[in-house]
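All of the numbers you see were taken from the coordinates with simple rules; none came from a lab. Here the structure is a predicted model, which means the values were calculated and not measured. FYI the Cβ positions are ideal-geometry reconstructions off the backbone, even for glycines, and counts take in every protein chain you see.
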Protein chains: 2
Amino acid sequence: MDALVEHGLLVPGGAAGIVGRSAVFEDIRERFDAAVSRAAAGDGAERMSFPPVLPRRYLEDTGYLHSFPHLAGTVFAFEGGEQQGIDMASMADRHEDWTALQQASDLVLTPAVCYAVYPAVAARGPLPGGGVTIDPGGAFAFRHEPSGDPTRLRMFHMRELVRIGAPDEVAAWRAGWCDRALALLQRLGLQVRAEVANDPFFGRAGRMLARAQREQELKLELVVPIAGPRPTAVASLNLHREHFAAAHGLTLADGRTAHTACLGFGHERIVLALLRTHGLDPRGWPPGPRHELEMP
Amino acid sequence: MDALVEHGLLVPGGAAGIVGRSAVFEDIRERFDAAVSRAAAGDGAERMSFPPVLPRRYLEDTGYLHSFPHLAGTVFAFEGGEQQGIDMASMADRHEDWTALQQASDLVLTPAVCYAVYPAVAARGPLPGGGVTIDPGGAFAFRHEPSGDPTRLRMFHMRELVRIGAPDEVAAWRAGWCDRALALLQRLGLQVRAEVANDPFFGRAGRMLARAQREQELKLELVVPIAGPRPTAVASLNLHREHFAAAHGLTLADGRTAHTACLGFGHERIVLALLRTHGLDPRGWPPGPRHELEMP
């Protein structure tokens, strides 16, 4: 982190896991996002971009809190009157805890960029034959895991692609994208491999969820050495089966419940992997990665 | 709102003031952002991009809750143990209120994109001679004002530029940008004018703040007809004098407290103004605006 700040790549954001990004960092990040778009061009995905908050109800409908209660962020706000407002501001002046005057709103922070996609597509009615592919772009996701590790930010960009359709189509899409994502990251000169993985489920029950997820190979991660003894996941490919579709009523043209899958690249982690692999100054990177990122 | 959804420009986001944006909407928005960057090229601004959350402390340091307690959003999260996690998830399954198990984190939602800039620049020490201009880009800001009006979103993109320097430099920068921003919006074919304005300060004390702000012409807004009887602010240019600089310790090379100013364009409002003025299909827009937005 210190080296990244010293080289003007990241800017301290004043809290654990919150960082600002410099022009150089953003240039790499946006070029990677564009490289994903080029790799995805054949999918004919429909673009649909959402803000980094969504209805609290969506977390409830999908059972998110069973799996990740520790990672969720909820949005609170003030609903009081004039005197309470003055009291709250006065407490804030003294850096006392004024948050008891905040009440839960109907919003939560977006835990994964695809969460807003499923209900939006479901609201249109049954899927067309062949299903749909949605591109929610590169957008912010939130995970409440404060840390000083630049590879573990609390708010970070996730570039997703979402496939919704019949079970076999969705499984084939994920398998195909595992190869395409590996090839893309290899063209960027990263030492990447795919492995079966599990989400960081909460608590004792979470250990069983993790085991089942691994046994069924529902989650694949693409991992790259960045720092520390073990490689870091920079992308994941997830089969949700009927999980999101059943929660939101996503049905196929024939009335069956759809399957869904998503692909997510962690933008900041990929930029960090590139900086670690090729050096902190992109002008000195090898021709292959520079070409892939269309650097002039 | 219905017409925008029907024409595939916006996607309902499941809560008041939360919307998804289609490919067409995003294309216009990104082209406008690029047009601002072209207009700003001569400023030599340093790019510095922050996530849509920031330390709660920054709101305290700047007295935000005195002015806008009703607009702030705070981030809460779960810090409990295994049984509390299970209880919380079970309540969520039944759509009961599980938010009593959430505790305030150290983060708030970003109320304006420039809020993260001042402490980041202050941390570097005294400003260089001539001050600095910072480009935090087009990023999300949050205002807790739930509404069904597409011009009043709770989470929206604000493209800011920030000037930090000596009082006369900062005032001249704002005056110059008022002209440049007006000219840019006129080239886009918008019926725009600048007017002295005030922020939506809270409560009775807020009325005095608003009057003082108007008398000193600290806030200028660029307004455009979109919907309803009165035109809508699509950009604002704000002189903060020593407000942010004193809160964060921003000093000039000679040790005096700096002045700051910011310019903010409301991306979504500008896209809506363009759609209202020129029609819901950008392919039919007049050549002038299409040229300015570099539409092919």
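Below are the figures for this structure:
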{"read-out": "Table column - 3J(HN,Hα) (Hz), the range A:265-279, Karplus curve with 6.51, -1.76, 1.60, x for Gly and Pro", "value": "9, x, 3, 5, 5, 5, 4, 5, 5, 5, 5, 5, 7, 10, x"}
{"read-out": "Summed side-chain charge close to residue B:46 - residues other than residue B:46 whose Cβ falls under 15 Å, Lys, Arg +1, Asp, Glu -1", "value": "-1"}
{"read-out": "In the range B:156-228, the trypsin sites (Lys or Arg not before Pro) that fall in loop regions by DSSP, at most 12 other Cβ within 10 Å", "value": "none"}
{"read-out": "Tensor-based shape of the range B:30-109 (alpha-carbon gyration tensor, a/c under 1.5 rounded, otherwise prolate or oblate)", "value": "prolate"}
{"read-out": "Residue-by-residue Karplus 3J(HN,Hα) for the range B:286-292, coefficients 6.51, -1.76, 1.60, Hz, glycine and proline x", "value": "x, x, x, x, 4, 5, 4"}
{"read-out": "Cut-off under 5 Å, modelled amide H: who pairs with residue B:79 long-range", "value": "B:103"}
{"read-out": "Rh (Kirkwood; distinct C-alpha pairs) - the range B:97-180, Å", "value": "15.6"}
{"read-out": "Label point 7 Å beyond Cα along the C-beta direction, distances from residue A:80 to other copies (nm, shortest first)", "value": "2.4"}
{"read-out": "11 Å beta-carbon shell around residue A:163, net charge (K/R +1, D/E -1)", "value": "-3"}
{"read-out": "Calculated label separations, residue B:96, copies of the chain, 7 Å along the beta-carbon direction, nm", "value": "3.3"}
{"read-out": "Karplus-derived HN-Hα couplings along the range A:101-109 (A = 6.51, B = -1.76, C = 1.60, θ = phi - 60°), whole Hz, x at Gly and Pro", "value": "8, 9, 10, 4, 8, 8, 10, 10, 6"}
{"read-out": "Low-density loop positions, trypsin sites (Lys or Arg not before Pro), the range A:47-141 - DSSP coil, at most 16 other Cβ in 10 Å", "value": "A:94, A:124"}
{"read-out": "Principal axes of the range B:1-154: Cα extent on each, largest first, Å", "value": "57, 47, 29"}
{"read-out": "Cα gyration tensor shape of the protein assembly as shown, rounded if a/c is under 1.5, else prolate or oblate by comparing a/b with b/c", "value": "rounded"}
{"read-out": "Charge context of residue A:55, other residues only, Cβ under 13 angstrom, K/R +1, D/E -1", "value": "0"}
{"read-out": "Shape category assigned to the range B:74-140 from the gyration tensor of Cα positions, a/c cut at 1.5", "value": "prolate"}
{"read-out": "Kirkwood-type radius of the range B:213-296, with distances r between different C-alpha atoms, in Å", "value": "15.6"}
{"read-out": "Distances in nm from residue A:124 to the matching label points in the other copies, shortest first (labels 7 Å along Cα to Cβ)", "value": "4.5"}
{"read-out": "Sparse-neighbourhood loop sites, GluC sites (Glu not before Pro) in the range A:89-181 - DSSP loop, at most 13 other Cβ within 10 angstrom", "value": "A:96"}
{"read-out": "Test item: Cα-centred dipole of chain A, Lys/Arg +1 and Asp/Glu -1 on Cβ, debye", "value": "880"}
{"read-out": "Partner chain coverage, peptide B:55-65 - average Cβ within 10 angstrom", "value": "5"}
{"read-out": "Ratio Rg/Rh, restricted to chain A and using Cα atoms, in which Rh is the Kirkwood radius", "value": "0.99"}
{"read-out": "Cut-off under 5 Å, modelled amide H: who pairs with residue A:127 long-range", "value": "A:251, A:252, A:253"}
